[in-house]
Amino acid sequence: MYEAYWGLSAPPFQNVPDPKFFCPLPACQEILDKLLYVVQYGKGGALLTGEVGCGKSTLSRVFLLQLDEERFDIGLVINPAMPAEELLHEMAVQLGLSPVSSQRSALFRMLNDHFLENARAGKTTVLIIDEAHTIKDEAVFEDLRMLLNFQFNDRQLLTLVLLGPAELREVMNRHGSLAQRLPIRLNLSPLTEDETAAYVQFRLEKAGATRPIVTAEALRAIARETGGIPRKINNLCDLCLFEGWRKQAKAVDTALVKLALGSL
């Protein structure tokens, strides 16, 4: 509705993990580099945590796009809150397999054979589990540990990346054997005031903005009111653009930010 008014070609603040709108801030780029290091050097796995809404899912999608399909076989599980056998089945499906049995032993054998086949073909198997804090079946953690035990003498057959909020670290502390196999611990922090301003400007430019739309004072207010959480920034900025279109404003100022806050 408001895109044409602001001279935009698309809504810039949708809360979806669209890699196009990934803002390569230094802290985010560092995490991305370390995830690539984990995969390329066969470090077993990594744990990526951060406050809800900090952009973990978007970062993971950008990470996946940087993995060459000829070198990496990738599976992405976005809803792991299921019994252990069902989750093993889902992992197999996400890796392009067609399990004919739901028995745990058969699923392990299928996955192990697939990991070996990939390794012999020079490919690395990468499994990403988003929302890992929603795992309720304790047997899942033992299954993940066992999957990471599949290895050659000189390298791992699987790279596992778990994503979740800060509470996932506490969950992993209860599963020491698995935690030891995920040696890289990464945390995505809320944005600073300067990072928030860069984030907002970046997304506006990606959506086609050719002029300043948000005032410096409004950017500071947005950073303060959202605590630097990208999901909250998106919600507030989207409402600011909507209210600005409705009021026929020339720019998003602090008055519009205050108005938009009343709807959140």
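Restriction of the GluC sites (Glu not before Pro) in the range 1-88 to DSSP coil positions whose beta-carbon has at most 15 other beta-carbons within 10 angstrom yields E69, E70.
Going by a ≥ b ≥ c, the root eigenvalues of the Cα gyration tensor, does the range 80-140 fall in the rounded group (a/c under 1.5), the prolate group (a/b larger than b/c) or the oblate group? Mind showing how you got there, number by number?
Values: a/c = 2.42, a/b = 1.47, b/c = 1.65.
Taking the square roots of the gyration eigenvalues as a ≥ b ≥ c, the range 80-140 is oblate.
Comparing V100, V140, V252 in a Gaussian network model of the chain, where Cα atoms under 10 Å apart are tied by springs, the biggest mean-square fluctuation is seen for V100. Cα-based values for the chain, radius of gyration first and Dmax second, are 21.2, 66 Å. Applying a DSSP loop filter and a limit of 13 other Cβ atoms within 10 Å to the chymotrypsin sites (Phe, Trp or Tyr not before Pro) in the range 70-170 leaves F152.
Once you have a ≥ b ≥ c as the square roots of the Cα gyration tensor eigenvalues for the range 123-264, tell me rounded if a/c is under 1.5, and otherwise prolate or oblate according to whether a/b is larger than b/c.
Prolate is the answer for the range 123-264, as a/c is 1.5 or above and a/b outweighs b/c.
Which of K43/K123; K20/K250; K43/K206; K56/K206; K43/K232 have a Cα-Cα distance over 23 Å? Pairs exceeding the cut-off: K20/K250; K43/K206; K43/K232.
The C-alpha atoms of the chain define a longest principal axis, and helix 104-120 lies at about 80 degrees to it. At a probe radius of 1.4 angstrom, the accessible area of the chain per residue rounds to 48 square angstrom.
Between T192, T125, T159, the GNM of the chain built on Cα springs shorter than 10 angstrom shows T192 fluctuating the most.
Binning every alpha carbon pair distance of the range 157-219 at 10 Å from zero, what are the percents per bin? Percent of pairs per bin, in order: 16, 32, 18, 22, 12, 1. Output the 0 to 90 degree angle, nearest 10, between the alpha-carbon long axis of helix 230-247 and the longest principal axis computed from the alpha carbons of the chain. Long axis of 230-247 versus the principal axis of the chain: about 30 degrees. Round to a whole number: what % of the accessible area of the chain belongs to carbon and sulfur, probe 1.4 Å? Solvent-exposed carbon and sulfur of the chain make up 49 percent of the total.
The values are calculated or read from the model by the stated rules, or taken from the named source; none is laboratory data. Fair warning: this is a prediction, and the values are worked out from it, not measured in the lab. No Cβ is skipped: glycine too gets one built from the backbone with ideal geometry, and neighbour counts run over all protein chains shown. Just the protein is used for accessible areas: all its heavy atoms, side chains included, with ligands, DNA and RNA removed. Shrake-Rupley method; radii C 1.70, N 1.55, O 1.52, S 1.80 Å.
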